[in-house]
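Quick notes on the structure that follows.
The values are calculated or read from the model by the stated rules, or taken from the named source; none is laboratory data. Source: prediction; values computed, not measured. All Cβ positions, even for glycine, are placed from backbone atoms using ideal geometry, and neighbour counts span all protein chains on display.
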């Protein structure tokens, strides 16, 4: 690389200890803004600069794209080629960095790597499969390194990997860092979060200490108990969450027992096509449809077509009430839904605390469209008698 100047971010002390660790498997279970992603970018960049082969795995394409743009910009002076379709960067050293989404089947299959960094590992639902089924086989030939980085989301699979390093396994290193370890985060901001947040949320999000049972408002055991095959009975009510920007339009129909009998999920369709499909499925069946923002005119059009559609405007208070109703249905076992996207979103859904109180949403980079559609259908079922809506939402 004679004549080429490359400037990489200066790691703080905690990051440097991980970067220079001789362990094959490392788990970074740290608070937000500790610098896990920056640390991972340094690790894969160093491997590629030395002519090695590295991989980056993220929970979703959205989170993957952010890392892709950052690494590409940082290594631009030494990049020889970029394959956008395959998400592969090749350096003038001969080293490569591949970017994979955990959403895709068998990420990394057919490759050999010197190092793999798994970003936001706490958000990956099938982390065991990603680690044991995808990552480790591709590291075996070169005895490569694996680093899992993320903020914990309860005591799930990510936390169990963290315990491996705490139980004396010689190949594993477990690092627990706090937001305060990052010298670039103002101390007064951390103190403000400590005053505002409930202690368990502060411990998880800032100190990197997982909440026992997590901040999920539904509960894993209750979610598991509601998983059923798609019902073949006709729907008595629908819930529809409309896409905003990169989100998904989701249509959920429930039968007379509260079990899901219709489930469709799609994105990037023109609004006329979306309206047509919703109208086709809903017909004269009572439906509660997201009328937030651009959804307002769509609901008005659907009301002209279908005649039994009620709009629901999402605000912080209305969503809180809606999710409370859904939580009661799930914990009470009065709703059923198939395995797949609905379950995945329910499991990652969380309570978010701020100075104004508690709100509910998906973690950053993930979606909650299935949760919202299911909640609208459940709420609608409680507001329909003999096929007629007797309460409206605003």
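General remarks:
- Just one of (1) over 23 Å from residue 127 (Cβ atoms); (2) at pLDDT below 90; (3) not in a loop (DSSP other than H, G, I, E, B) fails for residue 183. It is (3).
- Considering region 200-216, the residues that are at positive phi and at pLDDT below 75 include one that is farthest from the chain's Cα centre (by Cα), namely 213.
- Within region 359-394, the set of residues being at pLDDT below 65 and either within 14 Å of residue 217 (Cβ to Cβ) or assigned to a loop (DSSP other than H, G, I, E, B) (or both) comprises 364, 365, 386, 387, 390, 391, 392, 393, 394.
Residues checked against (1) modelled with pLDDT under 90; (2) more than 24 Å from residue 11 (Cα to Cα); (3) within 25 Å of the chain's Cα centre (by Cα); (4) assigned to a helix (DSSP H, G or I):
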residue	(1), (2), (3), (4)
106	yes, yes, yes, no
109	yes, yes, yes, no
147	no, no, yes, no
155	yes, yes, yes, no
159	yes, yes, yes, yes
168	yes, yes, no, no
195	yes, yes, no, yes
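- None of 68, 100 is assigned to a strand (DSSP E or B) and on the phi < 0 side of the Ramachandran plot except 100.
- Inside region 14-40, residues that are in a helix (DSSP H, G or I) and touching a residue at least 40 places away in the same chain (Cβ under 8 Å) make up a count of 7.
- Candidates 260, 285 - the one that is outside any helix (DSSP H, G or I), modelled with pLDDT of 90 or more and crowded, with 22+ Cβ neighbours inside 10 Å: 260
- Matching residues in region 221-239 - criterion: being touching a helix residue (DSSP H, G or I) at 6+ places or on another chain (Cβ under 6 Å) and buried (at least 21 other Cβ atoms within 10 Å of the Cβ): 226, 237, 238, 239
- Residue 253 touching a residue at least 60 places away in the same chain (Cβ under 8 Å), in the same structural domain as residue 367 (by TED's automatic domain parsing), buried (at least 19 other Cβ atoms within 10 Å of the Cβ) and over 20 Å from residue 344 (Cβ atoms): no
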